[in-house]
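Trainee: Below you'll find the structure I mean.
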């Protein structure tokens, strides 16, 4: 390879036409009419100058990429090249469209092997993101298909290209640039004998696309989490408990947190006045505070402008005792969640029942899920919520030993990796010597992440000091999850073998 001093992407100008024509003729030696006319190039530049770019090597044009914007709803998956280009008039270009459509990319043969096409495609992707377009689409030729058309169908041909059994320079290139086959189009490009006039509609999705909205609320990318590591201490009544809760809410909202997460059974100290009763009777007495506690949390979420995950509390529904919690949203909405898996101790001593609610919740900071303590140790629950689009998983927990905490922490770490989401866990610390069946507590609250280049190498975004009452504030970037889903070193959500196994939830 000859020495190269400079490589640059440039906007095409009509003065460049003779160089553009030369590049097209060299790039398409087997096409009878290989080049766009000067009037065609002039029209494209006038209609959409940002979409017409060239790549220069030491000031010599080596290749070009031509594009338009279209309103895809007018064309769908059954269009032809003539239809999408308006019979080469490009009157199909629409500045208010939603799709960046690739009209042509060509590289002069002497410059192949230098990954110049990739640079042009990277420019297109950046342009698509900057203009907030939904995706890039192209009709990809399959120039090697004529060699196999008498033996296999276009569908079989594409499968063989995917499996590397056939090398197709165009299709291989498109798929290596994260374009995904969407449909086989017959009669796409008239006169394309090499492809038997077939093409593959390929799409690259813009993960940053935001659909137009008339609402005065903007979706957040950076979300701030406030975790409360709650000290167990005796309180004389609910007012004292909520006074302490408000102290923490005030603290995390003062740092502009979007969420406040409380631990499981944070209000257990109120059982001390019922020690003369059996454990099962005492916790049912504690359940009598739940309705009022939720109402107060709802008021605090509005007044402090913060979404509150209330931890969990005992609650009696139709005579059955559940471990339940609430998402109190800053817009006034309230959603309920339940602990689905009950530990042997909770069932034996308190008579708790496993819940039935497994769902995600929409918030102004994305879709969230909540699993209470033991539930995080069952991987199928997180997977079901991830399939519904969950970005943030909150885990209020209560563990008495370091062994129990390690189960929660390690399983939460696994959920973050396998579901490509953030997981926040918050627990209680200290002890309650005057409350039966509560003993001592061990916790280290933390925010856990997937393990890839954009995240901490150990998957720990932030962690509290063990067994110390405190708050933990951490920012998480939801856009990094979008990038991970599409460009991660491994893609746990995408790469599941759904042909071998599936997961379904049963509604009671």
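Trainee: Could you tell me how many degrees, from 0 to 90 and to the nearest 10, lie between the Cα long axis of helix 17-27 and the main elongation axis, the longest principal axis, of the Cα atoms of the chain?
Mentor: So the inclination is approximately 80 degrees.
Trainee: Tell me, what is the percent relative contact order of the range 7-205, built from C-alpha pairs under 8 Å that lie six or more residues apart?
Mentor: Rounded, it is 18 percent for the range 7-205.
Trainee: May I ask you to list the residues of the range 75-95 whose amide nitrogen lies under 17 Å from a point 7 Å from Cα along the Cα→beta-carbon direction of residue 42?
Mentor: From the range 75-95, the list is 88-91.
Trainee: What is the spread of the Cα atoms of the range 64-184 along each of their three principal axes, largest first, in whole Å?
Mentor: Extents along the principal axes, in whole Å: 43, 33, 23.
Trainee: Just how far, in whole angstrom, is the range 473-495 from the range 246-274 if you go by their alpha carbon centroids?
Mentor: 30
Trainee: Separate question: With both partners inside the chain, how many of the DSSP beta bridges are antiparallel, as a percent to the nearest 5?
Mentor: If we restrict to bridges inside the chain, about 70 percent are antiparallel.
Trainee: Which residues does a label at residue 28 reach in the range 145-168, if reach means a backbone N under 19 Å from a point 7 Å past the Cα toward the Cβ?
Mentor: 145-146
Trainee: While we're here: Provide the packing ranking of 39-46, 325-332, i.e. peptides ordered by the mean count of other C-beta atoms within 10 Å per residue, highest first.
Mentor: Result, highest mean Cβ count within 10 Å first: 325-332, 39-46.
Trainee: Here's another thing I want to ask about it. At a Förster radius of 41 Å, what calculated FRET efficiency corresponds to the Cβ-Cβ distance of residue 73 and residue 356, to the nearest 0.05?
Mentor: Efficiency computed from Cβ-Cβ geometry: 0.50.
Trainee: Taking the range 135-205 on its own, what percent of its Cα-Cα pair distances exceed 19 Å?
Mentor: 24
Trainee: How tilted is helix 116-130 with respect to the longest principal axis of the chain? Cα atoms for both, answer in degrees (0 to 90, nearest 10).
Mentor: 50
Trainee: Suppose each label sits 7 Å from its Cα in the direction of the beta carbon; what would the residue 276-residue 7 distance come out to in nanometres?
Mentor: With each label placed 7 Å out from Cα toward Cβ, I get 8.3 nm.
Trainee: Quick check: the angle from helix 38-47's long axis to the longest principal axis of the chain, C-alpha only, nearest 10 degrees?
Mentor: 20
Trainee: In nm, to one decimal, how far is the residue 418 label point from the residue 122 one, both placed 7 Å along Cα→Cβ?
Mentor: 3.6
Trainee: In whole angstrom, note down how far apart the Cα centers of the range 140-208 and the range 60-113 are.
Mentor: 17
Trainee: Could you tell me the relative contact order of the chain? Use alpha-carbon pairs under 8 Å, at least six residues apart, and round to a whole percent.
Mentor: For the chain, the relative contact order is 11 percent.
Trainee: Okay, moving on. Can you figure out the FRET efficiency of residue 431 with residue 498, using R₀ = 56 Å and their beta-carbon distance, to the nearest 0.05?
Mentor: For R0 = 56 Å, the calculated efficiency reads 0.75.
Trainee: Oh, and also: Over the range 222-487, what is the relative contact order in percent, taking alpha-carbon pairs closer than 8 angstrom and at least six residues apart?
Mentor: 22
Trainee: Using r as the Cβ-Cβ distance of residue 463 and residue 490, and R0 as 25 Å, what FRET efficiency do you calculate, to the nearest 0.05?
Mentor: The computed FRET efficiency comes out at 0.55.
Trainee: Need the full-extension length gain, residue 256 to residue 440, defined as separation in residues times 0.36 nm minus the C-alpha distance. One decimal, nm.
Mentor: Stretched fully, the residue 256-residue 440 segment lengthens by 63.0 nm.
Trainee: Further, regarding this structure: Obtain the nm distance between the two label points defined at residue 473 and residue 505 by a simple spin-label model: each point lies 7 Å from its Cα along the Cα-to-C-beta direction.
Mentor: For residue 473 paired with residue 505, the spin-label model returns 3.3 nm.
Trainee: Between residue 331 and residue 165, 0.36 nm times their residue separation minus their Cα-Cα distance comes to what?
Mentor: Taking 0.36 nm per residue and subtracting the Cα distance, the gain is 54.2 nm.
Trainee: Out of these labelled values of volume of the Cα convex hull per residue in Å³, (i) 186; (ii) 141; (iii) 212, which was calculated from the coordinates shown here?
Mentor: (i)
Trainee: Only residues of the range 480-496 count here: report those whose backbone N is under 14 Å from the spot 7 Å along Cα→Cβ of residue 387, or say none.
Mentor: From the range 480-496, the list is 493-496.
No lab work stands behind these numbers, since they all come straight from the coordinates. Here the structure is a predicted model, which means the values were calculated and not measured. Virtual Cβ from ideal backbone geometry, glycine too; neighbours counted across all protein chains shown.
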